[in-house]
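Notes to accompany the following structure.
The values are calculated or read from the model by the stated rules, or taken from the named source; none is laboratory data. Everything numeric in this text was worked out from a predicted model, so none of it was measured. Cβ sites come from the backbone with ideal geometry, for glycine too, and all protein chains shown count toward neighbours. Heads up: the accessible areas ignore ligands, DNA and RNA and are worked out on the full protein's heavy atoms, side chains in. Shrake-Rupley method; radii C 1.70, N 1.55, O 1.52, S 1.80 Å.
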Amino acid sequence: MTATLPPRDESVMQTKTERWWDGPWPWLIYLGFYAMPWLWRAPTQLQLIVSVIGIAVFLPTYFISHRLHGVRLLGTIAVMFAIGALLAPFGGSWTVFSVYAGSEAGRLRPPRHAIVVLAVIAVATAAVGIVWGQPLLWWLTGILLVVMTGGATISREAFYARTQALLATQEEVRRLAGTAERERITRDLHDVVGRTLTLVALKADLAGKLVRSDATAAEAECRTIAMLAREGLAEVRAALAGQAGGSLAQEAAASSAALAAASVSPHLTGDFAAIPSGAGAVLAMTLREAVTNVIRHAEARSCTIDLALTGQEVRLAVSDDGHGRSVTEGRGLTGMRQRLLAAGGSLTIDPSVGGLRLIATVPA
C-alpha cells in the first residue's frame, strides 16, 4: 500500500517573498481578460451587475481553494466553473473561470484524478459554448488554456512532491547518520575506557598492598597508573574524533602487557603485522574488548591469542582457561558484534568446560 504524501510545506523551500509570489494574489491579473470583449462592444448595465456579482462570489471561492485539498478542493473547482458557465450569456470572456478551475484542478492528488477533472472541465467548457451558440474561437481558446494551466500545475505539484520526498530522505539520512555516530562513539568509548579503567583499578589495588611493605614498588605502580590515565585520555580523545583503534600489532602488544599486568599468562601466535590495515583496525578493537573481558570476568590464569590469515579471511581467536560460565551478551559484546558485522565479518562465542573461546573473522 502506497503512503499518501502530506500537503507540501512550501516554507521549507521558499523565502517569504517567494511564498507570496507563489500564492493566489499574482494570478488575479488574469481576471482582467474577462472584460476584454467589452473593449470593442460596451456592456449593458445588466451585464455589468451580473458580472460584478459573479466576480464577488468567485474571489472568496478562489482564495479558499488555495487552502483546500481532496474532495473539498473539488467543491470549489465546481463552484468556479459554475460561475463561468452562468456568466457565459452576459458578454464577458467567461472561460477565464474555467481556466482558474483547471489551474486548481491540477493540485488534486493523485495526478490521475487531476487529469480526469481537467478533461471534465474541458468537455464542460465546450458544451457550454455550444449550448449558447458562441463562436468556436471563444471557448476553444479557453479549453487550450485549461489544459495548459492545469498541466503546468500538475507538473509543479509533482516537482514539489519530489522535493519534499528528497528533503524527507535527507532528514532520515541525517538522523540515521547521527544514530550511527552515537553508536560508534558508545562502542569505542566502552572498549577504550573499559580496559584503561580495569588496568588502573588493578594497579591501584596492587599499589595499595605494596605501600607499606615496598614503598618503591608502590611508587612505581602509581607512576604506571598516571601513565595509564594519560594514555586513556588520549584514547578517549581519539575515539571522539573517530580515530580509535591503532594497528593490530600494537594492540596485540598492549593486550599482552595488560594480561601480564593482571597476572594472566599471555600466549600469542600469528603474524599480527601482516594483516591489512582495514581488517587490522577492526580486529584491534575486538581484541581489546576480548582481553578486557578476560581480565575482568574470566578469573583465568592464561590466555591464548591466535591469529590466522586464510585466503580472503582473517581469523582471530581469543581463548582463556577461566571458569567458562554462560556468557550474557552486554554492551561490550554487542558492540563487538556490530563492528564486525559492519565490516562484513562475524563473531562466535564458545563457552566450554575449559574456559571460553571467542572467534572473530573479517574479510582480508
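A few points about this structure:
- Among 69-77, 155-163, 96-104, the order from most to least packed when residues are scored by Cβ within 10 Å on average: 96-104, 69-77, 155-163
- Proximal charge balance of residue 68 [Cβ under 10 Å; K/R count +1, D/E count -1]: +2
- Solvent accessible area, Å² - residue 25, 1.4 Å probe, full protein context: 150
- Working ranking of peptides 134-142, 169-177, 44-52 by packing, defined as the average number of other Cβ atoms within 10 Å per residue, highest first, is 134-142, 44-52, 169-177.
- Karplus-derived 3J(HN,Hα), 6.51/-1.76/1.60, for each residue of region 59-67, Hz, glycine and proline x: 4, x, 4, 5, 5, 5, 4, 5, 9
- Centre separation in Å (Cα based) which lies between region 107-178 and region 253-275: 71
- With a Förster radius of 35 Å applied to the C-beta separation of residue 123 and residue 173, the computed FRET efficiency comes to 0.15.
- Modelled spin-label separation between residue 112 and residue 69, with each label point placed 7 Å from Cα along the Cα-to-Cβ direction: 2.0 nm.
- Stretch gain in nm, segment residue 131-residue 260, where the contour uses 0.36 nm per residue and the Cα spacing is subtracted: 36.2 nm
- Restricting the calculation to Cα atoms, every distinct pair contributes to the Kirkwood radius of region 246-364, found to be 14.0 Å.
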